[in-house]
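The values are calculated or read from the model by the stated rules, or taken from the named source; none is laboratory data. On a predicted model such as this, the values are computed, not experimentally measured, just so you know. Glycine gets a Cβ as well: all are built from the backbone with ideal geometry, and neighbour counts include every protein chain shown.
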Amino acid sequence: MDKSSARKAAFARRKAVHGTITAASGYLSEVLAGYRGVPIAGYSPMRTEINPLPALSEAAAHGPVGMPVIMGDATPLKFREWEPDCIMEEGAFGALIPSNGAWMTPEIVIVPLVAFDRRGGRLGYGGGFYDRTLEQLRTMKPTLAIGFAYSVQEDDDLPLEATDQPLDMIVTEQGIIEP
């Protein structure tokens, strides 16, 4: 299956469950509790993405949390510090980002995705932002990439490429997967 077809199928599966699952971030909170004080980057959910904000709010009480900011096409993301209830504005592609705040470098990145496999493979939106970002961060220091998704986004037949950065862990509403 090509990436376009895989994305279309995964988007349909995600849309079908979005809004029907409550307390979806419980396992993510559990994982992040083991990394208190470690700089974490998350994301503000858009459209039918699973919502990490409850877990990120808990994490922000113990250490720095950042949100991704797209700086331009074909460039790595930068991360601006975020706190619950901070002023947000619409960034590229409609994602909400902090209006102001210091830049930070995460050691853990919560990665949104379209589909994943149990081997740590991730199918994103196609812009390559997270692949470039994880590659850059991992050249500076060990960086843990945690995919966060609904369990229905699992796909054992992902069309992956050599430039796709692997996930170290996947967290869903049903549990924790360690490749």
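General remarks:
- Conditions (1) farther than 24 Å from residue 175 by Cβ; (2) of a type in the set (Lys, Arg); (3) within 14 Å of the chain's Cα centre (by Cα); number of the one not met by residue 80: (3)
- Looking across 158, 134, 144, one residue alone is more than 22 Å from residue 13 (Cα to Cα), touching an Asp or Glu at 6+ places or on another chain (Cβ under 7 Å) and not acidic (Asp, Glu). It is 144.
- Whichever residue in the stretch 111-122 is under 19 Å from residue 70 (Cβ atoms) and among the hydrophobic types (A, V, I, L, M, F, W, C) and, among such residues, is farthest from the chain's Cα centre (by Cα): 114
- Here the condition is being closer than 24 Å to residue 26 by Cβ and in contact with a Leu (Cβ under 7 Å, 6 or more places away or on another chain); of 129, 116, it holds for 116 alone.
- Residue pairs whose Cβ atoms lie under 7 Å apart, sitting 6 or more positions apart in sequence or on different chains, and linking a residue in the stretch 121-142 that is more than 26 Å from residue 5 (Cα to Cα) to a partner that is hydroxyl-bearing (Ser, Thr, Tyr) and at pLDDT 95 or above, are 137/143.
- Yes/no for residue 93 being surrounded by fewer than 18 Cβ atoms within 10 Å (Cβ to Cβ), in contact (Cβ under 8 Å) with a residue 40 or more places away in the chain and among the aromatic types (Phe, Trp, Tyr): yes
- Scan of the stretch 131-162 for residues that are over 19 Å from residue 78 (Cα atoms) and hydroxyl-bearing (Ser, Thr, Tyr), ordered by number: 150, 151
- One residue from 128, 175 being surrounded by 14 or more Cβ atoms within 10 Å (Cβ to Cβ), at positive phi and not acidic (Asp, Glu): 128
- Output for the stretch 50-65, where each listed residue is of a type outside the set (A, V, I, L, M, F, W, C) and surrounded by fewer than 19 Cβ atoms within 10 Å (Cβ to Cβ): 51, 54, 57, 58, 62, 63
- Tally, over the stretch 104-142, of residues that are touching a strand residue (DSSP E or B) at 6+ places or on another chain (Cβ under 9 Å) and farther than 16 Å from residue 52 by Cβ: 15
- Number of residues in the stretch 96-123 that are among the small types (Gly, Ala, Ser) and crowded, with 20+ Cβ neighbours inside 10 Å equals 2.
- Residue tally, condition under 19 Å from residue 43 (Cα atoms) and of a type in the set (Gly, Ala, Ser), over the stretch 1-31: 6
- The stretch 74-93: number of residues that are in contact with a strand residue (DSSP E or B) (Cβ under 7 Å, 6 or more places away or on another chain) and either of a type in the set (Phe, Trp, Tyr) or not in a loop (DSSP other than H, G, I, E, B) (or both): 8
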